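What follows is a single structure, written as structure tokens, with notes after it.
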């Protein structure tokens, strides 16, 4: 494994997961395949998908650049040999926990700070009834700020050991796919029954009501601070 191939595989992984989000969005918007699972009965505004596509593409470009360059220039910080399953699991869990804690407080701040809500976070909340790729529909500043939690989690790991390459990839793929799903407005069976994970309705209610349910991956931060409904 070289820095170049590691960065290339990282970018490819994110491209694949977001392509899945694209297909998911097209099926949700233009077919009746998931109609019976829709949480909200409101119709989507005509042409909304193509209208918002430039911001989707720009934020995806930022994600690919930051992740790819980080993988390339930070290659020496990664363990690209070990495949110890317990090390991988522990690192993925640590990254998710720190990412979710940071996201909760960042997201709550974006709502409580009137300037940030009006000029930054309001863009994401134009999606009162979101669809999968709406997770990319955010102000670029908010989008980049949202990546800090994962850096903090992996930064903690680096104090004790190198970041496992597979843990890094698994976290990136699962984080992407989870964000895509919770923005789908679809209460699908099985996927919304996984213990501990936030449900689509948890985040969908946040978009519909513009308050509460600030956490993303889990729901325990909202329960601790009594911001869930």
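The values are calculated or read from the model by the stated rules, or taken from the named source; none is laboratory data. Just so you know, these numbers come straight off a predicted model, no measurement behind them. Glycine also receives a Cβ, built like all others from the backbone with ideal geometry; neighbour counts cover every protein chain displayed.
Structure notes:
- Filtering the range 58-96 to residues that are free of Cβ contacts under 8 Å to residues at least 60 places away in the same chain and more than 19 Å from residue 162 (Cβ to Cβ) leaves 61, 64, 65.
- The range 17-45 residues that are without any contact (Cβ under 8 Å) to a residue 24 or more places away in the chain, paired with ones that are part of a loop (DSSP other than H, G, I, E, B) (beta carbon under 8 Å, 6 or more apart): 27/33; 27/34
- Residues that are in contact with a strand residue (DSSP E or B) (Cβ under 7 Å, 6 or more places away or on another chain) and either part of a loop (DSSP other than H, G, I, E, B) or surrounded by 21 or more Cβ atoms within 10 Å (Cβ to Cβ) (or both) within the range 202-225 comprise just one, 217.
- Filter result for residue 168 (more than 26 Å from residue 38 (Cα to Cα), touching a residue at least 12 places away in the same chain (Cβ under 8 Å), buried (at least 16 other Cβ atoms within 10 Å of the Cβ) and under 19 Å from the mean Cα position of the chain (by Cα)): yes
- Checked against the criterion of being surrounded by 15 or more Cβ atoms within 10 Å (Cβ to Cβ) and either in contact with a strand residue (DSSP E or B) (Cβ under 8 Å, 6 or more places away or on another chain) or at pLDDT 95 or above (or both), the range 148-160 has at least one qualifying residue.
- Picking from residues in the range 11-43 that are touching a helix residue (DSSP H, G or I) at 6+ places or on another chain (Cβ under 6 Å) and not in a helix (DSSP H, G or I), the one that is farthest from residue 186 (Cα to Cα) is 33.
- Residue within the range 178-187 that is buried (at least 18 other Cβ atoms within 10 Å of the Cβ) and on the phi > 0 side of the Ramachandran plot present: yes
- Options 28, 7: the member that is over 18 Å from the mean Cα position of the chain (by Cα), buried (at least 16 other Cβ atoms within 10 Å of the Cβ), at negative phi and modelled with pLDDT of 90 or more: 7
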